[in-house]
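J.: Structure incoming, see below.
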Amino acid sequence: MQDVREYGNDELVALVPLPADDANKYTRGTLTAVVGSERYPGAACLAAYASQRMGAGYTRVFTHPAAVPLVQGFRPSLVAGPRSALPTKLSPSLPGKPHAYLVGCGFDADDGASSKLVHSVLKHAEAPVLVDGSGLNALVSEKGRRLLKRRFLNGHATVVTPHAGEAARLAHAFDLPTGDPCALARSLSLAFGVVAVVKGPVTFISDGEETVRMAHGTPALAKAGTGDVLAGMIAALLAQGMDALEASVLGAELHARAGLAAAARWSAIAVCAEDVVECLPAALAELVGAEGTLR
């Protein structure tokens, strides 16, 4: 059986990316989010909003044209445009100007263009990429696996955030056993060359060498949209230059704590995804120990 660890509170606090006194929106990190669809525009709103709360300095959203006005009205500080405006040449992540990409949240599985978008981002982003939701379907094809291998060999981190059903579909591509989510996280990481975040009542995160257990979840998070929130949070941490495994661990922990805070305020029955984002500042303050420490 593989060794599994849990991060202690002090270790988690040490990961929190506090902004420098002379920071600007670019040094704090840019997140380009290719998310949402005509059928699921809310996913774009939730993921992008969560990325702002998780510290990304500048979040740009590229979504279905019909969803652009909704994203703009949801958070005026978001920069939103249609997918067709996504640059052909994607900005790399550079020292002092970190960058990351989020793709797949709220994609319509029936939209044939979805896989092309995922493959394009994987191919052209010289920066960390997080793939979530229906975007994960693009990874099981021969082209998807080839692009992931090339990213791994080139040292570009890729994070995947499947729930149990999505993880099983990914596992099928390599005929991996799916009965043990802990072992599955490690197997997916090794097979695809990614950091795998297998979500559930207990979440397991693995980079193939190290596997981390996060057991602070709550059934309050069993609501539509909370996965988009988690993806936006982890992607924001990647955009701030964090290591992919550490970003995934901190994002999953704060997501769980925000869920607990939301349940304490509104009950486990009433919590919805928007509440989780609203409680993220309180979860950060609780982790660090005092609001003043968060500057």
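J.: Label residue 9 and residue 66 with points 7 Å out from Cα along Cα→Cβ: what is the distance between them in nm?
T.: Once both label points are built, they end up 4.8 nm from each other.
J.: What accessible surface, in Å², does a 1.4 Å probe find on residue 178, ignoring ligands, DNA and RNA and rounding to the nearest 10?
T.: 70
J.: Can you give the calculated 222 nm mean residue ellipticity of the chain, where each DSSP H run of n ≥ 4 adds -39,500 (n - 2.57) and the sum is split over every residue, rounded to the nearest 500 deg cm²/dmol?
T.: Working: 11 runs with 124 residues, N = 295.
Value at 222 nm, helices only: -13000 deg cm²/dmol.
J.: Please find the FRET efficiency linking residue 20 to residue 270, where r is the Cβ-Cβ separation and R0 is fixed at 51 Å, and quote it to the nearest 0.05. Mind showing how you got there, number by number?
T.: Values: r = 38 Å, r/R0 = 0.75.
My answer for the efficiency is 0.85.
J.: Given axes a ≥ b ≥ c from the Cα gyration tensor, I'd like to know whether the stretch 49-92 is rounded (a/c under 1.5), prolate (a/b larger than b/c) or oblate. The partial results should precede the final answer.
T.: Details: a/c = 2.80, a/b = 1.10, b/c = 2.54.
Cα axes put the stretch 49-92 in the oblate bin.
J.: Also, quick follow-up: Roughly how many nanometres apart are two label points built 7 Å out from the Cα toward the Cβ at residue 288 and residue 75?
T.: 1.8
J.: Oh, and also: Can you list which of the DSSP-assigned H helices in the chain have a Cα extent of 30 Å or more along the long axis and an average Kyte-Doolittle score of at least 0.5?
T.: 244-266
J.: With a Förster radius of 25 Å, plug the Cβ-Cβ distance of residue 216 and residue 190 into 1/(1 + (r/R0)^6) and report the FRET value to the nearest 0.05. The partial results should precede the final answer.
T.: Working: r = 26 Å, r/R0 = 1.04.
Efficiency, from the Cβ-Cβ distance: 0.45.
J.: Students sometimes get this wrong: rank 60, 150, 265, 39 by accessible area, probe 1.4 Å, all chains present, largest first. Walk me through the numbers before you get to the answer.
T.: Working: 60 50, 150 105, 265 165, 39 130 Å².
Greatest to least solvent exposure: 265, 39, 150, 60.
J.: Same structure again: Quick one: Cα centre-to-centre distance for the stretch 51-102 and the stretch 224-255, in angstrom?
T.: Here the answer is 16 Å between Cα centres.
J.: Report in % the part of the accessible area of the stretch 162-295 that belongs to carbon and sulfur, leaving out ligands and nucleic acids; probe 1.4 Å. Present the calculation step by step, with values, prior to reporting the outcome.
T.: Values: 2870 of 5260 Å².
Its accessible area is 55 percent carbon and sulfur atoms.
J.: Starting from the 7 Å offset along Cα-to-Cβ, what nm value, one decimal, do you get for the label separation of residue 123 and residue 39?
T.: Output for this residue pair reads 2.5 nm.
J.: Keeping to pairs on different chains or 8 or more places apart, tell me how many lysine pairs in the chain have Cα atoms under 24 Å apart.
T.: Number of lysine pairs found: 14.
J.: Whole number in Å², please: accessible area per residue of the chain, 1.4 Å probe, ligands, DNA and RNA not counted. Before the final figure, lay out each step's value.
T.: Numbers: 12800 Å² over 295 residues.
That works out to 43 Å² for each residue.
J.: While we're here: Name the shape class, rounded, prolate or oblate, that the alpha-carbon gyration tensor gives for the chain, where a ≥ b ≥ c are the square roots of its eigenvalues, rounded holds for a/c under 1.5, and otherwise prolate holds if a/b is larger than b/c and oblate otherwise. Numbers along the way, then the final one.
T.: Working: a/c = 1.27, a/b = 1.05, b/c = 1.20.
Here the chain falls in the rounded category.
J.: On the protein heavy atoms, probe 1.4 angstrom, tell me the percent of accessible surface of the stretch 31-75 carried by carbon and sulfur.
T.: Working: 750 of 1460 Å².
So the carbon and sulfur contribution to the accessible surface is 51 percent.
J.: Probe 1.4 Å, all protein chains in place: accessible area of residue 204 in Å², nearest 10?
T.: 20
J.: Which FRET efficiency, nearest 0.05, do residue 175 and residue 149 yield, Cβ-Cβ r, R0 25 Å? Before the final figure, lay out each step's value.
T.: On the way: r = 18 Å, r/R0 = 0.71.
Result of the calculation: an efficiency of 0.90.
The values are calculated or read from the model by the stated rules, or taken from the named source; none is laboratory data. Here the structure is a predicted model, which is why all the values come from computation and not from measurement. Glycine also receives a Cβ, built like all others from the backbone with ideal geometry; neighbour counts cover every protein chain displayed. Note: accessible area is taken over every heavy atom of the protein model, side chains too, but ligands, DNA and RNA are not part of it. Shrake-Rupley method; radii C 1.70, N 1.55, O 1.52, S 1.80 Å.
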